Amino acid sequence: MPLDEAGAGPSRPPRSETRADDPPNPADAPAIDEGTAPLPQPRTMQMVARLVGRPPSRLTRLFLNAGAALFTFLLGVMALDFINGLLTRYPLLGWVAVTLFAIFTVAALGMALREWRAWRRMARIDALQRQAGAALAQDSLDQARAVTDGLVALYAKRPEMEWQRQRLAERRAETFDAQTLLTLAEAELLANLDQQARREIEAAARTVAATTALIPLALADVAAALAANLRMIRRMAEIYGGRAGAVGGWRLARTVITHLIATGAVAAGDDLIQTVAGGGMLAKLSRRFGEGLVNGALTARVGIAAMEVCRPLPFLAQPRPQVGNLVSRALKGLFTSDDRAA
């Protein structure tokens with residue numbers, strides 16, 4: 001029946017009748033406030049970077065060098081005075097002391113010689129890097145040949161690379177420009193070494209991630225991460241032909257951290273953003289596990305910087321390692337044993 005619009009009252013929405021025993025409707029629930037949880041902070045690796053990368057001041061170096069010289073001088077004077085007294089009172093014991101002191105002196109000189117040779121080999125690798133960069137910039141085939149000869153001489157005493165050296169010698173006559181020759185040398189001599197370096201980085205990242213996640217002590221995880229990173233950097237030098245001794249290893253670590261800062265690799269690039277986001281997701285379950293993932297990612301980035309410092313050639317045709325791939329394989333190694341090349 002038609003109704004008179006003028007006489008109609010104000011329209012009201014239809015009334016929904018609900019009963020007390022009706023189940024709750026999910027649509028009536030209030031909206032969930034999805035607050036952005038703070039991303040995990042790599043405090044352990046930040047502390048390691050500060051410990052390794054901070055250079056001592058001139059006053060600190062003077063204090064340490066003067067203290068070491070004074071301690072060595074006093075120790076030598078005391079040893080000589082003690083041996084002189086033994087020779088006067090007990091000649092046999094005195095000569096035994098002289099023999100032991102001579103052996104200790106020879107061993108100390110041998111260690112100093114080893115440190116010097118290790119630093120010389122690292123300087124040789126650094127010179128090859130500069131020569132390779134100049135050869136590529138000038139497109140000089142003669143300089144590229146000199147760099148290739150230096151690489152062959154660097155790995156001449158490694159019998160496991162005999163086949164690679166023979167292949168390079170057979171194929172280098174086919175190249176007619178610097179880029180092709182250095183690319184060939186990289187593929188023949190450095191490809192297998194890159195795989196070994198990747199495995200070392202994965203092992204160090206796995207160690208740092210697990211240590212940060214499982215050790216609740218404040219400084220124990222820092223010590224473990226520092227030891228893992230120093231060992232990884234030393235292994236990078238050994239893989240690519242260098243020898244980092246006790247003192248040279250620390251200086252090499254400082255060089256790696258300086259290179260990491262100078263190249264801007266400490267910033268969150270595309271290869272690190274995904275890992276940090278994964279650490280944020282994991283931090284919702286456990287803050288320590290989230291920090292462990294991010295610390296492992298930064299360890300992988302330190303390892304890549306160590307590769308760039310210790311590698312005789314820049315990355316030309318071989319792919320540069322990515323943090324995400326290294327961390328994923330490192331975490332996979334926590335549960336499975338996968339020794340295949342990356």
## Note on the structure
Residue hits (the stretch 288-308; among the acidic types (Asp, Glu) and within 17 Å of ASP194 (Cα to Cα)) are GLU308
## Note on the structure
Result of the Cβ filter at 7 Å on the stretch 160-179, keeping first residues that are touching a residue at least 40 places away in the same chain (Cβ under 8 Å) and buried (at least 18 other Cβ atoms within 10 Å of the Cβ) and partners that are outside any helix (DSSP H, G or I) and not basic (Lys, Arg), at least 6 apart or interchain, is ALA178/ASP139; ALA178/SER140
### Query
Within the bounds of the stretch 101-124, is there any residue that is among the aliphatic types (A, V, I, L, M), under 27 Å from ILE239 (Cα atoms) and modelled with pLDDT of 90 or more?
yes
### Query
In the stretch 139-149, which residues are surrounded by fewer than 19 Cβ atoms within 10 Å (Cβ to Cβ) and in contact (Cβ under 8 Å) with a residue 40 or more places away in the chain?
ASP139, LEU141
### Query
Is it the case that some residue within the stretch 223-232 is farther than 21 Å from VAL327 by Cα and surrounded by 19 or more Cβ atoms within 10 Å (Cβ to Cβ)?
no
### Message
When you check ALA102 against the structure, is it exposed (fewer than 11 other Cβ atoms within 10 Å of the Cβ), small (Gly, Ala, Ser) and on the phi < 0 side of the Ramachandran plot, yes or no?
### Response
yes
### Query
Checking ASN295 against (1) assigned to a helix (DSSP H, G or I); (2) of a type outside the set (Val, Ile, Thr); (3) modelled with pLDDT under 50, which single condition isn't satisfied?
(3)
### Query
Would you call GLN131 surrounded by 12 or more Cβ atoms within 10 Å (Cβ to Cβ) and at pLDDT 85 or above?
yes
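The values are calculated or read from the model by the stated rules, or taken from the named source; none is laboratory data. Note that this is a predicted model, so its numbers are computed, not measured. Counting neighbours? That spans all protein chains shown, and the Cβs are built from the backbone with ideal geometry, glycine included.
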